[in-house]
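Visitor: First the structure, which I've put down as C-alpha coordinates, then a few questions once you've had a look.
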Amino acid sequence: MPLLISGSIISPIDKLHYKSLPNAFVYVADDGLIKAIHQLTPTDAPMTEEAFLRKVDHRGELEKLHLAKGEFLIPGLIDTHTHAPQFPNLGAGQEYELLQWLDNVVFPMEANFKDVDFATKAYNRIVERVIDAGTTTCCYYGSLHRDATKELAKIAHKFGQRAFVGKCNMDRKSPPYYIERTEESVPHTKELIKCIRELSPSKDGSPYVYPILTPRFAISTTDKLLEELRDFADSDPTLAIQTHISENPAEVAEVKELFDYLSKPGNPITYAGVYDHFHLLRGNTILAHAVHLEEKELKLIKEREAGISHCPTSNFNLTSGMAKVGDMLDRGIKVGLGTDVGGGFAPSILRTIQDASIAAKVVALTSPIKSPDPDSFASKPLKIATLFWLATLGGAQVCNLEHKIGSLEVGKSFDAIVVDIRNTHRHSHHQEVSPLNPNIWGVGDDLELGLDIRRRNDGEDVDDEEKLKQELDAMLERLMFCGDDRNLRRVYVQGRWIGGTEHRRRD
Ligand SMILES: [Zn+2]
(Lines give C-alpha, C1' and ligand atoms only; values in the text may rest on other atoms or scores of the structure.)
Protein backbone atom coordinates (compact mmCIF):
# COMPACT_ATOMS: atom_id res chain seq x y z
CA MET A 1 0.00 0.00 0.00
CA PRO A 2 1.19 3.59 -0.55
CA LEU A 3 3.20 5.20 2.23
CA LEU A 4 3.09 8.76 3.54
CA ILE A 5 6.00 9.94 5.66
CA SER A 6 5.95 13.34 7.32
CA GLY A 7 9.08 14.74 8.93
CA SER A 8 12.67 15.66 8.11
CA ILE A 9 14.62 14.50 5.06
CA ILE A 10 18.33 14.72 4.26
CA SER A 11 19.43 13.77 0.74
CA PRO A 12 22.65 14.29 -1.25
CA ILE A 13 22.73 16.63 -4.24
CA ASP A 14 26.36 16.34 -5.37
CA LYS A 15 29.84 15.86 -3.91
CA LEU A 16 29.70 19.18 -2.06
CA HIS A 17 26.03 19.66 -1.28
CA TYR A 18 23.08 17.94 0.27
CA LYS A 19 19.64 19.18 1.07
CA SER A 20 18.04 19.27 4.49
CA LEU A 21 14.26 19.56 4.48
CA PRO A 22 13.09 20.00 8.08
CA ASN A 23 9.35 19.60 7.43
CA ALA A 24 8.35 17.56 4.46
CA PHE A 25 5.85 15.06 3.12
CA VAL A 26 7.08 12.09 1.11
CA TYR A 27 4.60 9.98 -0.81
CA VAL A 28 5.69 6.52 -1.93
CA ALA A 29 3.39 4.88 -4.45
CA ASP A 30 2.44 1.22 -4.53
CA ASP A 31 5.23 0.40 -6.99
CA GLY A 32 7.87 1.56 -4.47
CA LEU A 33 8.71 4.75 -6.35
CA ILE A 34 8.75 8.22 -4.77
CA LYS A 35 5.78 10.01 -6.33
CA ALA A 36 6.00 13.34 -4.53
CA ILE A 37 8.08 15.27 -2.01
CA HIS A 38 6.74 18.51 -0.60
CA GLN A 39 8.65 20.75 1.72
CA LEU A 40 6.61 22.85 4.11
CA THR A 41 8.08 26.29 4.55
CA PRO A 42 6.89 28.96 6.95
CA THR A 43 6.34 31.38 4.05
CA ASP A 44 4.13 28.97 2.07
CA ALA A 45 0.48 28.73 2.76
CA PRO A 46 0.46 25.75 5.11
CA MET A 47 -0.20 22.52 3.25
CA THR A 48 -2.32 20.09 5.18
CA GLU A 49 -1.92 16.37 4.87
CA GLU A 50 -5.30 16.22 3.16
CA ALA A 51 -4.29 18.85 0.62
CA PHE A 52 -1.03 17.02 -0.11
CA LEU A 53 -2.83 13.71 -0.61
CA ARG A 54 -5.30 15.42 -2.96
CA LYS A 55 -2.38 16.85 -4.91
CA VAL A 56 -0.81 13.42 -5.40
CA ASP A 57 -4.24 12.05 -6.30
CA HIS A 58 -4.16 9.47 -3.55
CA ARG A 59 -7.06 7.04 -3.26
CA GLY A 60 -7.67 4.00 -1.09
CA GLU A 61 -5.58 2.70 1.76
CA LEU A 62 -2.52 4.46 3.10
CA GLU A 63 0.19 3.72 5.62
CA LYS A 64 1.41 6.75 7.56
CA LEU A 65 4.60 7.39 9.48
CA HIS A 66 5.29 10.59 11.36
CA LEU A 67 8.90 11.33 12.34
CA ALA A 68 9.57 13.05 15.65
CA LYS A 69 12.35 15.57 16.30
CA GLY A 70 15.61 13.61 16.27
CA GLU A 71 14.32 11.34 13.53
CA PHE A 72 14.96 11.85 9.82
CA LEU A 73 14.93 10.10 6.49
CA ILE A 74 18.09 9.47 4.44
CA PRO A 75 18.67 7.39 1.30
CA GLY A 76 19.74 3.78 1.91
CA LEU A 77 23.47 3.13 2.23
CA ILE A 78 25.30 1.43 -0.64
CA ASP A 79 28.05 -1.11 0.01
CA THR A 80 29.98 -1.48 -3.25
CA HIS A 81 32.26 -4.25 -1.98
CA THR A 82 31.81 -7.07 0.50
CA HIS A 83 32.35 -10.82 0.78
CA ALA A 84 29.27 -12.62 2.10
CA PRO A 85 31.09 -15.88 3.01
CA GLN A 86 33.59 -14.01 5.15
CA PHE A 87 31.08 -12.72 7.71
CA PRO A 88 31.78 -15.61 10.11
CA ASN A 89 35.38 -14.34 10.03
CA LEU A 90 34.53 -10.86 11.33
CA GLY A 91 37.27 -9.93 13.77
CA ALA A 92 39.51 -12.89 12.84
CA GLY A 93 43.07 -12.71 11.51
CA GLN A 94 43.60 -9.05 12.26
CA GLU A 95 47.39 -9.46 12.46
CA TYR A 96 47.92 -10.48 8.83
CA GLU A 97 48.58 -8.63 5.60
CA LEU A 98 46.60 -9.51 2.49
CA LEU A 99 48.28 -12.58 0.99
CA GLN A 100 48.90 -14.38 4.32
CA TRP A 101 45.42 -13.48 5.51
CA LEU A 102 43.89 -15.07 2.39
CA ASP A 103 45.74 -18.35 3.00
CA ASN A 104 45.27 -18.54 6.75
CA VAL A 105 41.82 -17.09 7.34
CA VAL A 106 39.79 -16.44 4.19
CA PHE A 107 40.14 -19.56 2.05
CA PRO A 108 39.52 -22.05 4.90
CA MET A 109 36.24 -20.27 5.78
CA GLU A 110 35.03 -19.85 2.19
CA ALA A 111 35.66 -23.56 1.56
CA ASN A 112 32.82 -24.35 4.02
CA PHE A 113 30.33 -22.90 1.54
CA LYS A 114 30.69 -25.97 -0.69
CA ASP A 115 27.97 -27.41 1.57
CA VAL A 116 24.79 -25.78 0.26
CA ASP A 117 22.87 -26.45 3.47
CA PHE A 118 25.57 -24.72 5.50
CA ALA A 119 25.67 -21.85 3.00
CA THR A 120 21.89 -21.35 3.12
CA LYS A 121 21.86 -21.17 6.91
CA ALA A 122 24.85 -18.82 6.98
CA TYR A 123 23.61 -16.51 4.20
CA ASN A 124 20.22 -16.07 5.90
CA ARG A 125 22.04 -14.75 8.97
CA ILE A 126 24.45 -12.65 6.88
CA VAL A 127 22.04 -10.87 4.53
CA GLU A 128 19.73 -10.01 7.41
CA ARG A 129 22.49 -8.26 9.31
CA VAL A 130 23.68 -6.37 6.23
CA ILE A 131 20.14 -5.03 5.82
CA ASP A 132 19.94 -4.05 9.50
CA ALA A 133 23.22 -2.17 9.03
CA GLY A 134 21.28 0.10 6.65
CA THR A 135 22.72 -1.30 3.41
CA THR A 136 19.92 -1.20 0.87
CA THR A 137 22.16 -2.08 -2.09
CA CYS A 138 25.05 -4.47 -1.63
CA CYS A 139 27.69 -5.80 -4.05
CA TYR A 140 28.37 -9.30 -2.78
CA TYR A 141 31.18 -11.66 -3.63
CA GLY A 142 30.04 -15.21 -2.96
CA SER A 143 32.47 -18.11 -2.65
CA LEU A 144 33.63 -19.94 -5.78
CA HIS A 145 30.66 -22.31 -5.46
CA ARG A 146 27.84 -22.03 -7.99
CA ASP A 147 25.07 -23.59 -5.91
CA ALA A 148 25.87 -21.78 -2.67
CA THR A 149 26.01 -18.47 -4.52
CA LYS A 150 22.61 -19.17 -6.09
CA GLU A 151 21.31 -19.41 -2.52
CA LEU A 152 22.92 -16.09 -1.64
CA ALA A 153 21.12 -14.43 -4.56
CA LYS A 154 17.80 -16.07 -3.64
CA ILE A 155 18.15 -15.01 0.00
CA ALA A 156 18.89 -11.35 -0.88
CA HIS A 157 15.88 -11.52 -3.20
CA LYS A 158 13.68 -13.11 -0.54
CA PHE A 159 14.54 -10.38 1.98
CA GLY A 160 13.99 -7.70 -0.67
CA GLN A 161 17.50 -6.28 -0.64
CA ARG A 162 18.91 -4.73 -3.81
CA ALA A 163 22.09 -6.61 -4.58
CA PHE A 164 24.74 -7.61 -7.07
CA VAL A 165 25.78 -11.21 -6.58
CA GLY A 166 28.69 -13.04 -8.18
CA LYS A 167 30.63 -16.23 -7.64
CA CYS A 168 34.39 -15.95 -7.56
CA ASN A 169 36.35 -17.14 -10.59
CA MET A 170 39.60 -18.57 -9.26
CA ASP A 171 41.59 -21.37 -10.85
CA ARG A 172 45.14 -20.78 -9.64
CA LYS A 173 47.26 -19.70 -6.66
CA SER A 174 44.57 -20.96 -4.33
CA PRO A 175 44.81 -23.97 -1.98
CA PRO A 176 43.96 -27.42 -3.37
CA TYR A 177 40.84 -27.63 -1.18
CA TYR A 178 39.50 -24.30 -2.50
CA ILE A 179 40.08 -23.91 -6.23
CA GLU A 180 37.99 -24.57 -9.33
CA ARG A 181 38.81 -26.28 -12.58
CA THR A 182 39.34 -23.81 -15.42
CA GLU A 183 36.83 -25.54 -17.67
CA GLU A 184 34.10 -25.33 -15.02
CA SER A 185 34.51 -21.70 -14.04
CA VAL A 186 32.69 -19.92 -16.86
CA PRO A 187 29.95 -22.55 -17.34
CA HIS A 188 29.17 -22.40 -13.61
CA THR A 189 29.15 -18.60 -13.79
CA LYS A 190 26.69 -18.69 -16.68
CA GLU A 191 24.35 -21.00 -14.75
CA LEU A 192 24.41 -18.63 -11.78
CA ILE A 193 23.69 -15.61 -13.98
CA LYS A 194 20.76 -17.40 -15.59
CA CYS A 195 19.35 -18.26 -12.15
CA ILE A 196 19.67 -14.65 -10.96
CA ARG A 197 18.06 -13.22 -14.09
CA GLU A 198 15.08 -15.52 -13.57
CA LEU A 199 14.31 -14.13 -10.10
CA SER A 200 11.10 -12.10 -10.05
CA PRO A 201 11.45 -8.31 -10.49
CA SER A 202 10.29 -5.65 -8.03
CA LYS A 203 6.93 -3.92 -8.41
CA ASP A 204 8.23 -1.37 -10.92
CA GLY A 205 9.62 -4.15 -13.10
CA SER A 206 13.30 -3.59 -12.29
CA PRO A 207 15.40 -6.38 -10.75
CA TYR A 208 16.25 -6.56 -7.06
CA VAL A 209 19.25 -8.78 -7.67
CA TYR A 210 21.71 -8.32 -10.52
CA PRO A 211 24.35 -10.82 -11.61
CA ILE A 212 27.95 -9.64 -11.57
CA LEU A 213 31.03 -11.26 -13.08
CA THR A 214 33.53 -11.77 -10.26
CA PRO A 215 37.08 -12.74 -11.21
CA ARG A 216 38.55 -12.74 -7.71
CA PHE A 217 41.73 -10.91 -8.68
CA ALA A 218 44.38 -11.12 -11.38
CA ILE A 219 46.57 -13.45 -9.30
CA SER A 220 43.89 -16.12 -8.85
CA THR A 221 42.92 -16.44 -12.53
CA THR A 222 44.92 -18.19 -15.25
CA ASP A 223 45.38 -16.63 -18.67
CA LYS A 224 43.12 -19.29 -20.13
CA LEU A 225 40.33 -18.36 -17.71
CA LEU A 226 40.88 -14.63 -18.26
CA GLU A 227 40.53 -15.22 -22.02
CA GLU A 228 37.26 -17.06 -21.48
CA LEU A 229 36.03 -14.31 -19.18
CA ARG A 230 37.01 -11.75 -21.82
CA ASP A 231 34.95 -13.50 -24.50
CA PHE A 232 32.03 -13.92 -22.16
CA ALA A 233 32.13 -10.27 -20.99
CA ASP A 234 32.34 -9.12 -24.62
CA SER A 235 29.20 -11.12 -25.40
CA ASP A 236 27.22 -9.46 -22.58
CA PRO A 237 28.06 -5.74 -22.30
CA THR A 238 25.31 -5.07 -19.73
CA LEU A 239 26.79 -7.58 -17.30
CA ALA A 240 28.48 -5.82 -14.36
CA ILE A 241 32.00 -6.87 -13.30
CA GLN A 242 33.70 -6.70 -9.91
CA THR A 243 37.26 -7.48 -8.90
CA HIS A 244 40.11 -6.30 -6.68
CA ILE A 245 42.89 -3.96 -7.75
CA SER A 246 46.12 -2.70 -6.25
CA GLU A 247 45.34 -3.36 -2.61
CA ASN A 248 48.75 -4.29 -1.26
CA PRO A 249 52.34 -3.74 -2.51
CA ALA A 250 53.24 -7.47 -2.43
CA GLU A 251 50.09 -8.25 -4.43
CA VAL A 252 50.89 -5.55 -7.02
CA ALA A 253 54.43 -6.91 -7.41
CA GLU A 254 53.11 -10.44 -7.95
CA VAL A 255 50.62 -9.28 -10.59
CA LYS A 256 53.37 -7.45 -12.47
CA GLU A 257 55.57 -10.53 -12.40
CA LEU A 258 52.82 -12.91 -13.53
CA PHE A 259 51.77 -10.68 -16.41
CA ASP A 260 55.14 -9.23 -17.35
CA TYR A 261 54.77 -10.88 -20.77
CA LEU A 262 52.18 -8.18 -21.56
CA SER A 263 54.78 -5.42 -21.07
CA LYS A 264 55.89 -3.47 -24.12
CA PRO A 265 59.33 -1.88 -24.51
CA GLY A 266 59.37 1.20 -22.28
CA ASN A 267 55.80 0.51 -21.18
CA PRO A 268 55.66 -2.04 -18.37
CA ILE A 269 52.28 -3.67 -17.71
CA THR A 270 50.21 -2.31 -14.82
CA TYR A 271 47.54 -3.99 -12.69
CA ALA A 272 44.78 -2.00 -14.43
CA GLY A 273 46.48 -2.76 -17.74
CA VAL A 274 46.05 -6.49 -17.11
CA TYR A 275 42.29 -6.13 -16.64
CA ASP A 276 42.10 -3.85 -19.65
CA HIS A 277 43.99 -6.36 -21.78
CA PHE A 278 41.29 -8.93 -20.97
CA HIS A 279 38.41 -6.42 -21.61
CA LEU A 280 37.41 -6.45 -17.95
CA LEU A 281 37.83 -2.71 -17.43
CA ARG A 282 34.68 -0.98 -18.58
CA GLY A 283 31.88 1.36 -17.48
CA ASN A 284 30.17 -1.25 -15.34
CA THR A 285 33.33 -2.55 -13.62
CA ILE A 286 33.74 -2.08 -9.86
CA LEU A 287 37.34 -2.10 -8.68
CA ALA A 288 37.87 -2.60 -4.96
CA HIS A 289 40.68 -0.81 -3.06
CA ALA A 290 42.80 1.03 -5.69
CA VAL A 291 45.30 1.97 -2.97
CA HIS A 292 48.56 1.93 -4.94
CA LEU A 293 47.49 2.98 -8.45
CA GLU A 294 49.99 4.58 -10.80
CA GLU A 295 49.29 7.72 -12.81
CA LYS A 296 48.68 5.81 -16.04
CA GLU A 297 46.28 3.43 -14.27
CA LEU A 298 44.21 6.35 -12.94
CA LYS A 299 44.02 7.74 -16.49
CA LEU A 300 43.00 4.36 -17.88
CA ILE A 301 40.31 3.83 -15.23
CA LYS A 302 38.88 7.28 -15.93
CA GLU A 303 38.95 6.63 -19.67
CA ARG A 304 37.11 3.33 -19.29
CA GLU A 305 34.67 4.91 -16.78
CA ALA A 306 35.16 2.09 -14.29
CA GLY A 307 34.24 2.79 -10.65
CA ILE A 308 36.26 2.46 -7.47
CA SER A 309 35.07 0.91 -4.22
CA HIS A 310 36.97 2.67 -1.43
CA CYS A 311 37.41 0.27 1.52
CA PRO A 312 39.29 2.24 4.20
CA THR A 313 38.44 0.01 7.20
CA SER A 314 39.94 -2.96 5.40
CA ASN A 315 42.86 -0.93 4.05
CA PHE A 316 43.86 0.16 7.55
CA ASN A 317 43.17 -3.22 9.06
CA LEU A 318 45.30 -5.26 6.62
CA THR A 319 47.96 -2.53 6.65
CA SER A 320 47.36 -2.00 2.92
CA GLY A 321 47.52 1.81 2.77
CA MET A 322 45.26 4.78 2.05
CA ALA A 323 43.54 5.20 -1.31
CA LYS A 324 43.84 8.75 -2.67
CA VAL A 325 40.12 9.30 -2.89
CA GLY A 326 40.33 13.09 -3.15
CA ASP A 327 42.59 12.80 -6.18
CA MET A 328 40.19 10.32 -7.79
CA LEU A 329 37.26 12.68 -7.21
CA ASP A 330 39.21 15.56 -8.79
CA ARG A 331 39.76 13.38 -11.85
CA GLY A 332 36.04 12.62 -12.11
CA ILE A 333 36.49 8.92 -11.37
CA LYS A 334 33.39 7.28 -9.89
CA VAL A 335 33.93 6.39 -6.21
CA GLY A 336 31.73 4.67 -3.63
CA LEU A 337 32.38 2.98 -0.28
CA GLY A 338 32.87 -0.70 0.56
CA THR A 339 33.01 -2.51 3.90
CA ASP A 340 35.13 -5.35 2.47
CA VAL A 341 34.13 -7.79 5.19
CA GLY A 342 36.18 -9.62 6.47
CA GLY A 343 39.27 -7.51 5.58
CA GLY A 344 37.10 -4.79 7.09
CA PHE A 345 35.86 -5.79 10.52
CA ALA A 346 32.50 -3.99 10.39
CA PRO A 347 29.49 -4.69 8.15
CA SER A 348 28.25 -1.11 8.48
CA ILE A 349 28.82 1.62 5.91
CA LEU A 350 28.55 4.09 8.81
CA ARG A 351 31.82 2.66 10.10
CA THR A 352 33.27 2.91 6.58
CA ILE A 353 32.31 6.60 6.47
CA GLN A 354 34.24 7.18 9.70
CA ASP A 355 37.32 5.42 8.35
CA ALA A 356 37.04 7.20 4.99
CA SER A 357 37.19 10.46 6.91
CA ILE A 358 40.24 9.34 8.90
CA ALA A 359 41.94 7.97 5.76
CA ALA A 360 41.52 11.32 3.97
CA LYS A 361 42.89 13.10 7.04
CA VAL A 362 45.95 10.86 7.11
CA VAL A 363 46.50 11.53 3.40
CA ALA A 364 46.14 15.26 4.13
CA LEU A 365 48.70 15.03 6.93
CA THR A 366 51.22 13.21 4.80
CA SER A 367 51.00 14.83 1.37
CA PRO A 368 51.12 18.43 0.15
CA ILE A 369 47.92 20.06 -1.13
CA LYS A 370 47.95 19.75 -4.89
CA SER A 371 45.54 22.45 -5.99
CA PRO A 372 44.64 25.91 -4.59
CA ASP A 373 41.13 25.45 -6.01
CA PRO A 374 38.79 25.44 -2.98
CA ASP A 375 36.57 22.88 -4.72
CA SER A 376 39.45 20.45 -5.21
CA PHE A 377 39.44 17.33 -3.01
CA ALA A 378 42.99 15.99 -3.26
CA SER A 379 45.10 15.90 -0.08
CA LYS A 380 42.35 17.44 2.05
CA PRO A 381 39.97 16.05 4.65
CA LEU A 382 36.65 15.02 3.09
CA LYS A 383 33.69 17.27 3.90
CA ILE A 384 30.53 15.90 5.52
CA ALA A 385 28.66 16.38 2.25
CA THR A 386 31.33 14.40 0.37
CA LEU A 387 31.32 11.52 2.86
CA PHE A 388 27.51 11.40 2.73
CA TRP A 389 27.63 11.45 -1.08
CA LEU A 390 30.21 8.62 -1.22
CA ALA A 391 27.95 6.41 0.93
CA THR A 392 24.87 7.07 -1.20
CA LEU A 393 24.94 8.72 -4.66
CA GLY A 394 28.63 7.95 -5.21
CA GLY A 395 27.93 4.26 -4.59
CA ALA A 396 24.90 4.44 -6.87
CA GLN A 397 27.12 5.79 -9.68
CA VAL A 398 29.64 3.01 -9.14
CA CYS A 399 26.75 0.54 -9.57
CA ASN A 400 25.41 2.54 -12.57
CA LEU A 401 22.11 2.88 -10.73
CA GLU A 402 22.18 6.62 -10.01
CA HIS A 403 19.03 7.10 -12.07
CA LYS A 404 17.22 4.81 -9.63
CA ILE A 405 18.80 5.03 -6.16
CA GLY A 406 21.27 7.03 -4.06
CA SER A 407 19.08 10.04 -3.25
CA LEU A 408 15.49 10.76 -2.31
CA GLU A 409 14.02 12.29 -5.46
CA VAL A 410 10.70 12.06 -7.23
CA GLY A 411 10.80 9.16 -9.69
CA LYS A 412 13.51 7.25 -7.83
CA SER A 413 12.97 4.08 -5.83
CA PHE A 414 12.20 4.53 -2.16
CA ASP A 415 15.39 2.91 -0.81
CA ALA A 416 15.63 4.74 2.49
CA ILE A 417 16.38 4.65 6.19
CA VAL A 418 14.40 6.14 9.04
CA VAL A 419 17.17 7.32 11.36
CA ASP A 420 16.53 7.79 15.07
CA ILE A 421 19.02 9.66 17.22
CA ARG A 422 16.58 10.75 19.90
CA ASN A 423 17.59 8.96 23.04
CA THR A 424 20.77 8.20 24.88
CA HIS A 425 20.12 7.92 28.52
CA ARG A 426 18.84 4.94 30.38
CA HIS A 427 15.64 6.47 31.66
CA SER A 428 14.57 8.04 28.41
CA HIS A 429 10.92 7.52 27.70
CA HIS A 430 11.90 6.93 24.06
CA GLN A 431 13.74 3.78 24.98
CA GLU A 432 10.96 1.55 23.75
CA VAL A 433 11.45 3.02 20.26
CA SER A 434 15.21 3.31 19.90
CA PRO A 435 17.63 1.12 21.85
CA LEU A 436 20.35 2.82 23.80
CA ASN A 437 23.49 3.70 21.86
CA PRO A 438 25.99 5.14 24.31
CA ASN A 439 28.16 6.40 21.43
CA ILE A 440 25.68 9.05 20.43
CA TRP A 441 24.46 12.15 22.22
CA GLY A 442 20.72 12.10 21.64
CA VAL A 443 18.62 14.99 20.49
CA GLY A 444 16.19 14.11 23.29
CA ASP A 445 18.94 14.86 25.79
CA ASP A 446 19.59 18.24 24.17
CA LEU A 447 15.93 19.10 24.44
CA GLU A 448 15.68 18.02 28.07
CA LEU A 449 18.86 19.90 29.04
CA GLY A 450 18.00 22.96 26.99
CA LEU A 451 21.10 22.65 24.75
CA ASP A 452 21.22 24.04 21.23
CA ILE A 453 21.29 20.97 18.98
CA ARG A 454 23.51 22.86 16.53
CA ARG A 455 26.46 23.30 18.95
CA ARG A 456 27.45 26.47 17.16
CA ASN A 457 28.67 29.67 18.60
CA ASP A 458 29.23 31.84 15.55
CA GLY A 459 26.84 34.52 16.79
CA GLU A 460 24.97 34.41 13.51
CA ASP A 461 21.30 35.26 13.64
CA VAL A 462 19.23 32.96 11.45
CA ASP A 463 15.53 32.58 10.84
CA ASP A 464 13.58 29.64 12.17
CA GLU A 465 13.76 27.62 8.98
CA GLU A 466 17.53 28.03 8.70
CA LYS A 467 17.86 27.05 12.36
CA LEU A 468 15.95 23.83 11.72
CA LYS A 469 18.21 23.09 8.73
CA GLN A 470 21.32 23.65 10.82
CA GLU A 471 19.91 21.31 13.46
CA LEU A 472 19.48 18.65 10.79
CA ASP A 473 23.07 19.22 9.62
CA ALA A 474 24.22 18.57 13.19
CA MET A 475 22.10 15.43 13.43
CA LEU A 476 23.51 14.04 10.17
CA GLU A 477 27.06 14.59 11.39
CA ARG A 478 26.32 12.85 14.68
CA LEU A 479 24.81 9.89 12.87
CA MET A 480 27.77 9.60 10.48
CA PHE A 481 30.44 9.76 13.17
CA CYS A 482 28.75 8.17 16.20
CA GLY A 483 25.75 6.24 14.93
CA ASP A 484 25.35 2.55 14.26
CA ASP A 485 22.61 0.05 13.49
CA ARG A 486 20.89 0.90 16.81
CA ASN A 487 20.02 4.27 15.28
CA LEU A 488 18.44 2.80 12.16
CA ARG A 489 14.79 2.40 13.01
CA ARG A 490 13.46 1.29 9.63
CA VAL A 491 15.17 0.20 6.41
CA TYR A 492 13.18 0.30 3.16
CA VAL A 493 13.98 -1.00 -0.33
CA GLN A 494 11.62 -0.16 -3.19
CA GLY A 495 9.04 1.03 -0.66
CA ARG A 496 9.12 -2.25 1.26
CA TRP A 497 10.04 -2.17 4.95
CA ILE A 498 12.70 -4.89 5.30
CA GLY A 499 14.85 -4.11 8.35
CA GLY A 500 15.92 -1.88 11.21
CA THR A 501 15.46 -1.96 14.99
CA GLU A 502 11.69 -1.65 14.85
CA HIS A 503 11.52 -4.50 12.34
CA ARG A 504 13.53 -6.73 14.67
CA ARG A 505 11.09 -6.10 17.51
CA ARG A 506 8.18 -6.82 15.22
CA ASP A 507 9.51 -10.29 14.28
ZN1 LIG B 1 37.57 -7.80 -1.05
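Here's the yes/no breakdown for (1) within 16 Å of the ligand (Cβ to nearest atom); (2) modelled with pLDDT of 95 or more; (3) assigned to a helix (DSSP H, G or I):
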site	(1), (2), (3)
VAL291	yes, yes, no
LEU298	no, yes, yes
LYS302	no, yes, yes
PHE316	yes, yes, yes
MET322	no, yes, no
GLY326	no, yes, yes
LEU329	no, yes, yes
THR339	yes, yes, no
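Visitor: Within the range 55-89, how many residues are within 14 Å of the ligand (Cβ to nearest atom) and at pLDDT below 95?
Guide: At the first step, the residues of the range 55-89 found to be within 14 Å of the ligand (Cβ to nearest atom) are 79-87, 89.
Within this subset, residues satisfying the condition of being at pLDDT below 95 are 89.
Within the range 55-89, residues that are within 14 Å of the ligand (Cβ to nearest atom) and at pLDDT below 95 number 1.
Visitor: Still on this structure, I have one more. Test LYS154 against the stated conditions and say whether it is assigned to a loop (DSSP other than H, G, I, E, B), open to solvent by 20 Å² or more (accessible area, probe 1.4 Å) and over 21 Å from ASP485 (Cα atoms). Show your work before the answer.
Guide: Numbers: assigned to a loop (DSSP other than H, G, I, E, B): no; open to solvent by 20 Å² or more (accessible area, probe 1.4 Å): yes; over 21 Å from ASP485 (Cα atoms): yes.
Taking the combined requirement at face value, the residue does not satisfy it.
Visitor: Here's a follow-up. Pairs under 7 Å by beta carbon, first residue β-branched (Val, Ile, Thr) in the range 66-93, partner in a loop (DSSP other than H, G, I, E, B), six or more apart or different chains?
Guide: Filtered contacts from the range 66-93: ILE78/CYS399; ILE78/GLY406; THR80/GLY338; THR80/CYS399; THR82/GLY338; THR82/THR339; THR82/ASP340.
Visitor: For the range 240-253, check the following and say yes or no: at least one residue is outside any helix (DSSP H, G or I), of a type in the set (S, T, N, Q), surrounded by fewer than 19 Cβ atoms within 10 Å (Cβ to Cβ) and touching a residue at least 24 places away in the same chain (Cβ under 8 Å).
Guide: Start the filter on the range 240-253 by keeping residues that are outside any helix (DSSP H, G or I), which leaves 240-248.
Adding the requirement that they be of a type in the set (S, T, N, Q) leaves 242-243, 246, 248.
Those still in the list that are surrounded by fewer than 19 Cβ atoms within 10 Å (Cβ to Cβ) too: none.
No, the range 240-253 contains no residue that is outside any helix (DSSP H, G or I), of a type in the set (S, T, N, Q), surrounded by fewer than 19 Cβ atoms within 10 Å (Cβ to Cβ) and touching a residue at least 24 places away in the same chain (Cβ under 8 Å).
Visitor: List pairs: first in the range 446-472 and within 14 Å of SER20 (Cβ to Cβ) and in a loop (DSSP other than H, G, I, E, B), second of a type outside the set (A, V, I, L, M, F, W, C) and open to solvent by 70 Å² or more (accessible area, probe 1.4 Å), Cβ under 8 Å, 6+ apart or cross-chain?
Guide: ARG454/LYS467
Visitor: Would you pick out the residues in the range 111-145 that are under 19 Å from ALA288 (Cα atoms) and either within 16 Å of the ligand (Cβ to nearest atom) or in a helix (DSSP H, G or I) (or both)?
Guide: Correct list: VAL130, THR135, CYS138, CYS139, TYR140, TYR141, GLY142, SER143, LEU144.
Visitor: Looking at the structure I just gave you, is ASP171 under 18 Å from PHE113 (Cβ atoms), outside any strand (DSSP E or B) and touching a Ser or Thr at 6+ places or on another chain (Cβ under 6 Å)?
Guide: Yes; evaluated as a whole, the condition is true for this residue.
Visitor: While we're here: What do you reckon, is ASP103 charged (D, E, K, R), in contact (Cβ under 8 Å) with a residue 60 or more places away in the chain and within 14 Å of the ligand (Cβ to nearest atom)? Step through it out loud before you land on a result.
Guide: Working: charged (D, E, K, R): yes; in contact (Cβ under 8 Å) with a residue 60 or more places away in the chain: yes; within 14 Å of the ligand (Cβ to nearest atom): no.
No, not satisfied.
Visitor: Please go through (1) more than 13 Å from the chain's Cα centre (by Cα); (2) touching a residue at least 40 places away in the same chain (Cβ under 8 Å); (3) open to solvent by 10 Å² or more (accessible area, probe 1.4 Å) for PRO347 and return the number of the only condition it doesn't satisfy.
Guide: Here PRO347 clears every test but (1).
Visitor: I'd like the residue in the range 450-490 that is open to solvent by 70 Å² or more (accessible area, probe 1.4 Å) and modelled with pLDDT of 95 or more and, out of all such residues, is nearest to ALA24 (Cα to Cα).
Guide: Step by step, filter the range 450-490, then rank; the result is GLU477.
Visitor: Kindly establish whether LYS167 is surrounded by fewer than 24 Cβ atoms within 10 Å (Cβ to Cβ) and modelled with pLDDT of 95 or more. If you could, list the steps in order and put the result at the bottom.
Guide: Details: surrounded by fewer than 24 Cβ atoms within 10 Å (Cβ to Cβ): no; modelled with pLDDT of 95 or more: yes.
In short, no.
Visitor: Residues in the range 491-501: is at least one within 19 Å of ALA24 (Cα to Cα) and not aliphatic (A, V, I, L, M)?
Guide: yes
Visitor: Considering SER357, SER371, SER309, which residue is part of a helix (DSSP H, G or I) and hydroxyl-bearing (Ser, Thr, Tyr)?
Guide: SER357
Visitor: Please pick out the residue among THR135, THR149, THR189, THR222 that is closer than 18 Å to PHE107 by Cβ and crowded, with 24+ Cβ neighbours inside 10 Å. Can you show your working first?
Guide: Values: THR135 fails: closer than 18 Å to PHE107 by Cβ; THR189 fails: closer than 18 Å to PHE107 by Cβ; THR222 fails: crowded, with 24+ Cβ neighbours inside 10 Å.
Of THR135, THR149, THR189, THR222, the one residue that is closer than 18 Å to PHE107 by Cβ and crowded, with 24+ Cβ neighbours inside 10 Å is THR149.
The values are calculated or read from the model by the stated rules, or taken from the named source; none is laboratory data. Keep in mind that what you see is a predicted model, and the values were worked out from it rather than measured. Reconstructed Cβ throughout: ideal geometry from the backbone, glycine too, with neighbour counts over all protein chains shown. With ligands, DNA and RNA removed, areas are computed over all heavy atoms of the protein, side chains included. Shrake-Rupley method; radii C 1.70, N 1.55, O 1.52, S 1.80 Å.
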